[in-house]
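Beneath this line is the structure, given in structure tokens, with notes to follow.
The values are calculated or read from the model by the stated rules, or taken from the named source; none is laboratory data. This one's a predicted model, so the numbers in the text were calculated from it and none came from an experiment. Because the Cβ atoms are built from the backbone with ideal geometry, glycine has one as well, and the counts that use them run over all protein chains shown. Note: areas computed on protein heavy atoms with side chains; ligands, DNA, RNA excluded. Shrake-Rupley method; radii C 1.70, N 1.55, O 1.52, S 1.80 Å.
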Protein chains: 2
Amino acid sequence: MRILIPLFPGITTLDAVGPYEVLRQLPDAEVHFPAAEPGVVLDGAETLGLRADSAFGDFDGTDVLVVPGGPGARPAQHDAALLEWIGRMHAAARWTTSVCTGSLILGAAGLLRGLDATTHWSTIADLEAHGARYTEERVVVRGNVVTAAGVSSGIDMALTLAERLAGPVPARAAQLAIEYDPQPPFDSGSPSKAGPEVRAYAAERRRRRG
Amino acid sequence: MRILIPLFPGITTLDAVGPYEVLRQLPDAEVHFPAAEPGVVLDGAETLGLRADSAFGDFDGTDVLVVPGGPGARPAQHDAALLEWIGRMHAAARWTTSVCTGSLILGAAGLLRGLDATTHWSTIADLEAHGARYTEERVVVRGNVVTAAGVSSGIDMALTLAERLAGPVPARAAQLAIEYDPQPPFDSGSPSKAGPEVRAYAAERRRRRG
């Protein structure tokens, strides 16, 4: 079972790594991280680099496509070669998925028109600009397109997908393998739960980073 | 504020990336990923590579040390140069932390003798062999040493640490930034919750991988 997680400059690494650590546990999983060309791709903070092990052109299809987001998703919406590749992979994939602002790339590739979908809470208007109907759920499954909310939601998305790909026991075993028994020390993981002071602080941080 | 996340061959990437995505959000955070030498370091599945941006020798101290785990943590327990470096960083660090079997490396460096600590559920005996007292909590804070349970627990650990490093608002804003509002589709993230069938399947998968 082939799983492709495309990399581009400015990704948020957890968007890619969360689903990777779940899906790679499944029987016969064969994961690749292709990019425009093989080599190190830097994240949005230009701090952490992930190695692209292959080039987009190396693949003529996939079982599962996982498109991560990050600050680089914004320019990626205008990367014609990437969008063409995404569309081509989607055409034959069993599942096309995104994490965070990866949904903006699916949208720019024309895959979300008229479809319920989600994205990071800060980019709802951008998602809707692609003709998607924003849906306030952590994981949105519509047909064979699965979109997830911000960053860490990719783990929940991948577990949902794992059950459909491999059945209940392997999916639950993947959760156990990564000991995903979340116990956050506080409860501000969504705008409504975070409250105004935390929201204002987070918005200011985002502004300063550009 | 300097945060070092050392890399070694065979890490589990989420152990490093989960805390990274939280801690990098904090004011004045400056994160580095050192290794024995700069370059790409492959994970335990030999699939995903993370770029080491620096060498251990480039640093004479740190504010925060985050030691990830993974299959490579087992040989790393016998890597004298790594252990010496870990001990030296710990001596002056404000916080020394580990995720998953990263605690075995802290243990091998002699930092956990007589201390409460945790690790991945599959390596409790290995942790205790280093003189630590295994403690069944997701995040164990003792003095300035913080150990976390398996893989995904590094996110909870980093949020706990973020509050101590930067206060409640920046820590909660980091949780909001990564939209960490976990909603796993099932509840098998610990051995007791997973039940016998899933536990047996997971154990068999671990055995086959070696």
> How many residues does the stretch A:100-116 hold that are outside any helix (DSSP H, G or I) and farther than 17 Å from A:Ile5 by Cβ?
Replying inline: 6
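When you go through B:Arg172, B:Arg133, B:Arg88 one by one, which is the residue that is open to solvent by 10 Å² or more (accessible area, probe 1.4 Å) and within 14 Å of chain A (Cβ to nearest Cβ)? Lay out the reasoning, then the answer.
Working: B:Arg133 fails: within 14 Å of chain A (Cβ to nearest Cβ); B:Arg88 fails: within 14 Å of chain A (Cβ to nearest Cβ).
Among B:Arg172, B:Arg133, B:Arg88, only B:Arg172 is open to solvent by 10 Å² or more (accessible area, probe 1.4 Å) and within 14 Å of chain A (Cβ to nearest Cβ).
If you go through the stretch A:184-198 one residue at a time, do you hit one that is part of a loop (DSSP other than H, G, I, E, B), more than 13 Å from every other protein chain (Cβ to nearest Cβ) and under 18 Å from the mean Cα position of the chain (by Cα)? Explain how you work it out, then say what you get.
At the first step, the residues of the stretch A:184-198 found to be part of a loop (DSSP other than H, G, I, E, B) are A:184-190.
Adding the requirement that they be more than 13 Å from every other protein chain (Cβ to nearest Cβ) leaves none.
Among the residues of the stretch A:184-198, not one is part of a loop (DSSP other than H, G, I, E, B), more than 13 Å from every other protein chain (Cβ to nearest Cβ) and under 18 Å from the mean Cα position of the chain (by Cα), which makes the answer no.
For the stretch A:147-161, which residues satisfy the criterion of being of a type in the set (Val, Ile, Thr) and not in a helix (DSSP H, G or I)? Working first, answer last.
Pass one, the stretch A:147-161, residues of a type in the set (Val, Ile, Thr): A:147, A:151, A:155, A:160.
A:Thr147, A:Val151 - these are the residues of the stretch A:147-161 that are of a type in the set (Val, Ile, Thr) and not in a helix (DSSP H, G or I).
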> Which ones in the stretch B:147-185 are within 13 Å of B:Trp95 (Cα to Cα) and of a type in the set (Val, Ile, Thr)?
Replying inline: B:Thr147, B:Thr160
> Which strands (runs of 3 or more DSSP E) sit wholly inside the stretch A:21-80 and have at least 1 residues that are more than 10 Å from chain B (Cβ to nearest Cβ) and either over 28 Å from A:Gln175 (Cβ atoms) or open to solvent by less than 10 Å² (accessible area, probe 1.4 Å) (or both)?
Replying inline: A:64-67
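Can you pull out every residue in the stretch B:136-169 that is facing another protein chain (nearest Cβ under 8 Å) and open to solvent by less than 40 Å² (accessible area, probe 1.4 Å)?
The answer is B:Arg138, B:Val139, B:Ala149, B:Gly150, B:Val151, B:Ser152, B:Ser153, B:Ile155, B:Asp156, B:Leu159, B:Thr160, B:Val169.
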